[in-house]
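Below is one structure; the comments refer to it alone.
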């Protein structure tokens, strides 16, 4: 009739995941409140004959006597791999022995309602009730980002935290940081994750000097593939030394570099390479550093090393990972480089050189010559990019307080602002090109430059309101900013042209069964005649194994909570648009709605069939409503500003917290 925890096995009939998870926690040595389970067949009898409940409760009071009890559901659809049903079933807490019958009836009736009076598949857990001093929840991985461990806890009892009655303390950090919460090591939660083999949503409490694990369920929004990514990162990232790796502009041009492309980029940034030569030309003292970091087949830049190439007195390895002066030793070199960077002098022949290189037709040349030509041409590409960035930054500062957007200006015809001569040229015979990046294996259709300037009425109206002196001053900078974006595109085409030349030579040179396997050798290995002719097999297998992974843009030693000052925060990363309503307006399932509410109470899930988004005033990441919303692709945004009228048609983006009013009322 009653299953005591000692007698529960994985093969025991009539119990479900929640019960089995509790038993497993006991088996691995976790401090779990004593409990018993009432199997399905007994619960079914109780539903049909309520008189049997007294006999059952008498047996519980006799054989499992406690000062007070917690009565919980354990249903077929709870705590599954693809659905948690978090907090959707009823729980009775702090139940005195004489009130046990009523509590069991309440849990059964709610279970029958959940299953719409069908066969409920409901079992029941009865636990020793722990009057908590502190209680909370732990996600062993962030359910949205998936990497850091997240704790939310509060002084009082745990159901207050998950049901929306209080706003708990929030603590986020990476597992290797080994933090403590209220005196307890957090590695116990990592142990639970390791035992279950998947990130866990763990409810816990502290009473006196004891930590109790009340429940553990899988985080359903983190897939097995995502968890593999997390584990891979933790195996390949430093566990002791501080670091800051980031995908930036370099990563953009070769996000998944093969070994050939990676070695090519190293040549670009190393001693006497194109980058160093361009900086030397402009009196800037560039110190080569090993800045590239390949993680899971993705290209990251070591931000600390990158910073030291030009500003060696600075460091980003601080609390917020922002550049700060950290050494006086290199201060003079740093100041000197800043000075020459600010006062860069434009090469009047730069664009002409770019044009000549673009129009030059490559004939039959060797790999050595093609590699040398690439490095030579990359000096033009990089120098063009420097001035494109310089003029764009000037333009951004210039219009900062003008009430006009930079994207609109960059779409405008430069002639509209200035009568100066524009160096423009038509590039012929480039239809044979393939690829759009620095990746040697990229053979996608090349996007050729087809820029059509279109000056908007907004820009024209703004321009016409400016005084003559301001138009003259602005016009020069705006024109240069726009034109250099075009020159930058020419530089991109020159890069692609060189990559096509290198690719064609390598394919012709390749002796492998799969011609493209040559891309899994570095430039040095190819120049030296392939010292290991089987190396490509191992590299290719490793490359393809994690090629589809989507790793984060930033990797740091310490977790940094971003967007702390952001007014709106997205906590369920989806997008939708519809009319904004509040709870009294719900109940009509004929058309979808975006719900505006005060708190993320779990009982709002009953409206899920008719809502396509939620905007809430109070929040916390681990509330159960947020769990359910993420599982059902419903965007959730937290906003302290409730000045949007009801029935406004709005769009929301739960990934960044953006709310846009499309039309009011």
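The values are calculated or read from the model by the stated rules, or taken from the named source; none is laboratory data. What you are looking at is a predicted structure, and each value in this text was computed from that prediction instead of being measured. Note that we place each Cβ from the backbone using ideal geometry, even for glycine, and neighbour counts take in every protein chain shown.
Worth pointing out:
- For segment 2-25, residues that are at pLDDT below 90 and not in a loop (DSSP other than H, G, I, E, B) total 13.
Results for (1) assigned by TED's automatic domain parsing to the domain that holds residue 215; (2) at pLDDT 75 or above; (3) not in a loop (DSSP other than H, G, I, E, B), shown as yes or no for each residue.
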{"residue": "32", "(1), (2), (3)": "no, yes, no"}
{"residue": "45", "(1), (2), (3)": "no, yes, yes"}
{"residue": "54", "(1), (2), (3)": "no, yes, yes"}
{"residue": "57", "(1), (2), (3)": "no, yes, yes"}
{"residue": "61", "(1), (2), (3)": "no, yes, yes"}
{"residue": "67", "(1), (2), (3)": "no, yes, no"}
{"residue": "70", "(1), (2), (3)": "no, yes, yes"}
{"residue": "74", "(1), (2), (3)": "no, yes, yes"}
{"residue": "84", "(1), (2), (3)": "no, no, no"}
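- Candidates in segment 113-133 are the residues that are touching a helix residue (DSSP H, G or I) at 6+ places or on another chain (Cβ under 7 Å) and farther than 30 Å from residue 182 by Cβ; of these, the one that is modelled with the highest pLDDT is 124.
- Residues within segment 405-450 that are modelled with pLDDT under 80, under 33 Å from the mean Cα position of the chain (by Cα) and surrounded by 12 or more Cβ atoms within 10 Å (Cβ to Cβ), tallied: 10
- Within segment 311-330, the residues that satisfy the criterion of being buried (at least 19 other Cβ atoms within 10 Å of the Cβ) and in contact (Cβ under 8 Å) with a residue 40 or more places away in the chain are 316, 321.
- Filtering 338, 351, 365 for residues that are surrounded by fewer than 18 Cβ atoms within 10 Å (Cβ to Cβ) and closer than 24 Å to residue 250 by Cα leaves a single hit, 338.
- Condition met for residue 271 (more than 24 Å from the chain's Cα centre (by Cα), closer than 30 Å to residue 537 by Cβ and without any contact (Cβ under 8 Å) to a residue 40 or more places away in the chain): no
- Note on segment 175-267: enclosed strands (runs of 3 or more DSSP E) holding 2 or more residues that are over 29 Å from residue 572 (Cβ atoms) and touching a strand residue (DSSP E or B) at 6+ places or on another chain (Cβ under 6 Å) are 210-218.
- Residues that are without any contact (Cβ under 8 Å) to a residue 60 or more places away in the chain and over 29 Å from the mean Cα position of the chain (by Cα), drawn from segment 282-310: 283, 284, 285, 286, 287, 288, 310
- Test: residue in segment 494-501 that is in the same structural domain as residue 359 (by TED's automatic domain parsing), at pLDDT 90 or above, surrounded by 13 or more Cβ atoms within 10 Å (Cβ to Cβ) and farther than 23 Å from residue 358 by Cβ: no
- Taking segment 522-637 and the helices (runs of 4 or more DSSP H) fully enclosed by it, the elements with 2 or more residues that are within 30 Å of residue 215 (Cα to Cα) and at pLDDT below 80 are at 624-631.
- Single unsatisfied condition, residue 382 versus (1) assigned to a helix (DSSP H, G or I); (2) under 30 Å from residue 505 (Cβ atoms); (3) free of Cβ contacts under 8 Å to residues at least 12 places away in the same chain: (3)
- Filter pass, residue 343 being within 33 Å of the chain's Cα centre (by Cα) and either free of Cβ contacts under 8 Å to residues at least 40 places away in the same chain or outside the structural domain of residue 490 (by TED's automatic domain parsing) (or both): no
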